[in-house]
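Okay, here's the structure, questions in a sec.
Read-outs: derived from the displayed coordinates by stated rules, not from any lab. Computed from a predicted structure; not experimentally measured. A quick note on method: Cβ atoms are made from the backbone with ideal geometry, for glycine too, and the neighbour counts reach across all protein chains shown.
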Amino acid sequence: MQQFFSPLALLVWAFLGGVSSSLWPAIARGESPAVINISEQTQVQTAEQFIDALFGNNFDLAWSYLHPQLQKEFPPKRLKQSKERFLKRVGAYKERLGSKSNGNIVSVKVAFAKVTDTLIVIMDSNGKITGIDFPATPDDLSAQPLPSPSRP
């Protein structure tokens, strides 16, 4: 049987503190993309809306995109605390730079004050977020320092 998952999905440490294997998305379990019930465009929109809500301090809205099990473990107040800890490492949120989808995994490139990095949002087959990988620290290999402004 051909497997449809990325090694990245297996390495997700999850910004929210970890995701049990029972919540891994269909793609990480090796299920065929045919069982995914939402379009890639909808997955990208959901991931972008989650990022916008989280970094826009709309924690109730961000919480609504989570899988019910994660909603139990991470109420809006805890989402706020997690976001604040993350921003201490990477600096203030600036903007989303682009997104792409691969099965249930959506990569969202984001600029922060100290780095530009790709945030990974993993969804179940119904479009609920089951995992988030916000890996950036200034010394991570995946993080790219922001370019210095050019001087004339």
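What is the spin-label model distance, in nm, from Ala113 to Asn58 if the labels are put 7 Å beyond Cα along the C-beta direction?
So the two model labels end up 2.4 nm from each other.
If one computes P(r) from the Cα atoms of the stretch 55-137, what percent of pairs lie at distances over 15 Å?
Numbers: 2031 of 3403 pairs.
In whole percent, the share of Cα-Cα pairs in the stretch 55-137 beyond 15 Å is 60.
Any idea how far apart Glu48 and Arg89 come out in nm if each label point goes 7 Å out from Cα toward Cβ?
2.6
Holding the Cα-Cα limit at 26 Å, pick out from Lys72/Lys109; Lys83/Lys128; Lys72/Lys94; Lys88/Lys109; Lys72/Lys100 the pairs that are longer than that.
On the way: Lys72/Lys109 28 Å; Lys83/Lys128 19 Å; Lys72/Lys94 29 Å; Lys88/Lys109 18 Å; Lys72/Lys100 28 Å.
Those over the limit are Lys72/Lys109; Lys72/Lys94; Lys72/Lys100.
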